[in-house]
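The values are calculated or read from the model by the stated rules, or taken from the named source; none is laboratory data. All of these numbers come straight from a predicted model, not from anything done at the bench. With ideal geometry, Cβ positions are generated from the backbone for all residues, glycine too; neighbour counts draw on all protein chains shown. Each accessible area value is taken on the protein alone, full model and side chains, heavy atoms only, with ligands, DNA and RNA left out. Shrake-Rupley method; radii C 1.70, N 1.55, O 1.52, S 1.80 Å.
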Amino acid sequence: MSKVWDWWDYLKGKGAKAPKVPKWKLKPPGPTKVELNSLTKKYLAELYFTDADFVLIKKMDLLFDHLTMHPEAVQYAVKIGCVDKLLDIRHRAFANNVKQQACKLLSALGHADPPKSRGVRILSIDGGGMRGLSVIHMLKEIESLTQKKIIDSFDLICGVSTGAIIIGCMLPPVNMTLQQIENVYKDCSTKVFDQSTIIGTGRMLWSHGYYDTMAWENLLKSYVGDARLIDTAKHETCPKVFAVSSISVQSRVAPFIFRNYGNPKGLAGLDYYGTYSAKIYETIRASSAAPTIFEEMRIDGIPHMDGGIVLNNPTALAIHEAKNLWPNEQISCLVSCGTGLHDPVMTMEDLRELSQQATSWKAILDKICASATDTEAVHAALNNLLD
């Protein structure tokens, strides 16, 4: 179908007639904007005339499904007072499951409670594979100094690749300690990254993944279960979190954001592709699907690769998301954890010697990959721009 219409776009300027498309291939038209607004208003009105907890939960479920299916309705829902009504429900509810459902729906609407302290506190974790073990030790030190769990100390937490693994394991309902997450890394190193070169090379030629991708995926399911990312928002103390993968968009590779919250501006303010409907294990798999290491991850027909390809240091994106969530708040603290860098200082004489050596295609590709996954440029820029 896409090819047919591509040709039609080319030929219609030359007086060609539109191609006839069989009726069975035509998609049924979706609801109009007026119909969507009317339906959104109806779902909201039903929340005002419900007393029983189980009925209220059912009504909120219907509204959540409606907004998930029609994200263009989010902006109108916010406009007509949906957030205020849900805040009132959360405040008045005695049943914990009613409060949790209200929290989840509020998060889907892009609502963010005030920061836990004066100003927004952000934690950002770079990609880096098994070097994520170093980040775990940094976070242990932060917990030791603050006497608080990491998820209780920050308002927004983000990560790429190995950072997504750490975040996914510490969120509710998984609630792993940092020591348990360290054990997960050690478990992965023996169960996934231990195989013969012959098997790995054959697998890479066949499926473009050196290691057993299904074994990795099954391990993730055993660690974090089938919970969806948005389900973590049911817990009032859970921070806003996101992880990044890479997707192919026309002629470029773009970041894709897995959030546990929605965009308060709806599609009208969409700056990056993203979703809150993915499961936690899918989020981790997609964000850590490094080319040649694991196969790409397909979610709703879209292939995802390691987020480090386009955004190995997500700190700048974290600031962007924080400004959307808390437009009237200042950033009080930003902790960015890298996973280690070996970059020896080189003199001009060293550079001259290197420039005289022949450069192989492998060396060129290695440098391109190193440049694409560089984290220091973002760090240097933000280090100069931020207070």
Residues within segment 234-249 that are open to solvent by less than 10 Å² (accessible area, probe 1.4 Å), within 11 Å of Tyr276 (Cβ to Cβ) and not aromatic (Phe, Trp, Tyr), tallied: 1
Residue hits (segment 63-89; open to solvent by 10 Å² or more (accessible area, probe 1.4 Å), more than 24 Å from the chain's Cα centre (by Cα) and not β-branched (Val, Ile, Thr)) are Tyr76, Lys79, Gly81, Asp84, Lys85, Leu87, Asp88
For Ile230, indicate whether it is of a type in the set (Val, Ile, Thr) and at pLDDT 90 or above. yes
Of the listed residues (Ser371, Ser360), the one being at pLDDT below 65, surrounded by fewer than 14 Cβ atoms within 10 Å (Cβ to Cβ) and more than 23 Å from the chain's Cα centre (by Cα) is Ser360
Being touching a Ser or Thr at 6+ places or on another chain (Cβ under 8 Å), over 30 Å from Ile181 (Cβ atoms) and touching a residue at least 60 places away in the same chain (Cβ under 8 Å) narrows it down to one of Ala77, Ala108, Ala73, so name that one. Ala73
From the list Pro291, Pro255, Pro303, Pro314, which one is open to solvent by 60 Å² or more (accessible area, probe 1.4 Å), at negative phi and of a type outside the set (Val, Ile, Thr)? Pro291
